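Written out below as structure tokens is the structure these notes cover.
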Amino acid sequence: MKKLLFFSAVCLSANFRAQTFTQTYQNRVNEVSLTNIVSNLTDFSDLGVKTTGSVNNNNAFDWLKAKYLAFGYNTVQLSENAFSYNGKTTKNLILTKTGTVYPNTYVIVCGHYDTIVGPGVNDNGSGTSIILEIARILKDVPTEYSIKFINFSGEEQGLRGSQNYVNTVVNGTNPKMDIKLVLNIDQVGGVAGEVNNTVTCERDTSSPSSNNGASSTATQMLMNCVALYSPLQANLNYAYGSDYMPFQANGEVITGLYEYNESPYPHSVNDTFANMDPTFVYNVGKAALGAVQHFALASISALAINDCPPEKMLESLKIYPNPANGFVQIEMLNSDLKDFSFAVTDLAGRTLIQTKNEKRIDVSKLSSGIYLGTMTVENHKVTKKMIIKK
Ligand SMILES: [Zn+2]
């Protein structure tokens, strides 16, 4: 696996927030639960050997899906990407969380759930458990970029799930999917009985080299997040042999997390719960959640959506486009908000349009000029100027 290292001066063109410690991010990182990690690892172990296309492999897919639904995600946010291997069908599971500012640009957080020979509690129950925990905690947290949490199958047979996803989904549209970054989490279980206090952060050093500089920058940010949000130390290495590789070959920017104390048990019957270190997985989970919040530009507002008071919600009101012509769209911090009304008045105070619980408003009948849009939630109101230009 010896590879040449390439250095490049290419800078990331994508939008990253300056990297300083953010208390709100830390508060969410503090929600990572060792109990949940242990429970995820135990469930994963109980599902047995999850060879691509096997009954256990399909059962693991169903288990993951049920977990996301139990966190409160809905079926529209879940999709599957099937492919066949060795005459059997297997599926990647994708959970999409839409971004508030860049809905069509994705941060992909991925790891495989298929295993080979053994139950794969480290390889890759560890990454799977972390992805679940991050998805649970970020459920109601607005992020500027969209996030796709992807559980790949077919990794152990040669990255087949991720390659299929790149071929059929990423490159399946014109233009292809816009990916800000791929963060792969594979084999972060550590070794039982050892001091597992370091995690390896992996950057792209493979061909093509056009994306290597951006990968180095992202990987440095990942290392900073390890230092800021977890008790672990970060070690820098290069990416190879896991689900980020088909993405990197496609020109995407990748980074990855991998254990530093390398377990001798993957791909054997001994890749068990007893032979790995759940506390290390828990700590890697903290680092990963810090990093996902950083990369996806998670809200730095301390308010969770569910307990967002109406006046705060109204502060976040956006009416666009402005100027408008045919329709305007209403957007607020709480995208699930159900009970609200919206009125358009002219400057003389006459109500011209009155709607209830509609986020897309027909303004095509208004003539060019200045109007006022008033949003009402309970007994709170906020008014914004709207321009109609024909
Ligand atoms: Zn693996």
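Report, ordered by chain and residue number, the aspartates and glutamates lying within cross-link reach of K97, taken as a straight Cα distance under 14 Å and ignoring same-chain residues fewer than 8 apart.
D140, E144, D336
Just to confirm a number: summing +1 for Lys and Arg and -1 for Asp and Glu over residues other than T376 whose beta-carbon lies under 10 angstrom from that of T376, what do you get?
On the way: positive: K356, K381; negative: D339, E378.
Cβ neighbours under 10 Å give a net charge of 0.
Within segment 199-219, name every residue whose backbone N is under 19 Å away from a label modeled 7 Å from Cα of E262 along the Cβ vector.
Of the residues in segment 199-219, 199-206 have backbone N under 19 Å from the label point off E262.
Where does the longest stretch of the chain lie that holds no chymotrypsin sites (Phe, Trp or Tyr not before Pro) found in a DSSP loop with 12 or fewer other Cβ atoms within 10 Å?
Counting at most 12 other Cβ atoms within 10 Å as exposed, the longest clean stretch of the chain is 22-390.
Using a ≥ b ≥ c from the Cα gyration tensor of segment 154-287 (square roots of the eigenvalues), is it rounded, prolate or oblate, where a/c under 1.5 gives rounded and otherwise the larger of a/b and b/c decides, a/b for prolate?
It is oblate, given that a/c is not under 1.5 and a/b is not larger than b/c.
Could you give the distance between the Cα centres of segment 319-390 and segment 126-189, to the whole Å?
The distance from the Cα centre of segment 319-390 to that of segment 126-189 comes to 37 Å.
Relative contact order of segment 31-120, please, whole-number percent, based on alpha carbon pairs below 8 angstrom and at least 6 residues apart.
Here the relative contact order equals 38 percent.
Fully extended, how many nm does the chain gain between Q157 and K88 (0.36 nm per residue separation, minus their Cα-Cα distance)?
Here the answer is 23.5 nm.
Hey, how many Å between the Cα centroid of segment 204-252 and the Cα centroid of segment 274-288?
Answer, in whole Å: 19.
With +1 on the Cβ of every Lys and Arg and -1 on the Cβ of every Asp and Glu, and nothing else charged, how large is the dipole of the chain about its Cα centre, in debye rounded to the nearest 20?
1600 debye
Does the chain come out rounded, prolate or oblate by the C-alpha gyration tensor, with a ≥ b ≥ c the root eigenvalues, rounded set by a/c under 1.5 and, if not, prolate when a/b is larger than b/c and oblate if not?
Numbers: a/c = 2.00, a/b = 1.94, b/c = 1.03.
Because a/c hits 1.5 or more and a/b exceeds b/c, the chain counts as prolate.
Considering the options V101, W63, A135, tell which one lies farthest towards the positive end of the dipole of segment 62-186, charges being +1 on Lys and Arg and -1 on Asp and Glu at the Cβ, about the Cα centre.
Comparing the listed Cα positions along the dipole, V101 ranks first.
What is segment 23-296's relative contact order, in percent, from Cα pairs under 8 angstrom and six or more apart in sequence? Intermediate results must be reported in sequence, preceding the final value.
Numbers: 621 pairs, mean separation 67.8, N = 274.
Computed value for segment 23-296: 25 percent relative contact order.
Taking amide hydrogens as modeled 1.01 Å from N in the peptide plane, which residues meet the under 5 Å criterion relative to M386, leaving out close sequence neighbours?
Amide H to amide H, under 5 Å and 5 or more residues apart or across chains, M386 pairs with Y371, L372, G373.
Based on DSSP loop calls and a cut-off of at most 16 other Cβ atoms within 10 Å, the longest stretch of the chain free of exposed GluC sites (Glu not before Pro) is what?
Longest gap between qualifying sites, sites excluded: 32-193.
So for the chain, taking the charge dipole from beta-carbon charges (+1 Lys/Arg, -1 Asp/Glu), which of G189, G349, V284 sits furthest toward the positive end?
Result: G349, furthest along the dipole toward the positive end.
Please state the shape class of segment 338-377: rounded when a/c is under 1.5, otherwise prolate if a/b exceeds b/c and oblate if not, all from the C-alpha gyration tensor.
Oblate, because a/c is 1.5 or more while a/b does not exceed b/c.
Between K176 and A227, take the C-beta separation as r, use R0 = 45 Å, and let me know the FRET efficiency to the nearest 0.05.
Numbers: r = 34 Å, r/R0 = 0.75.
Once rounded, the FRET efficiency stands at 0.85.
Bear in mind that the values in this text are calculations on the coordinates, not laboratory data. Predicted model only: the values in this text are computed from it and were never measured. Neighbour counts run over all protein chains shown; Cβ positions are idealised from the backbone, glycine included.
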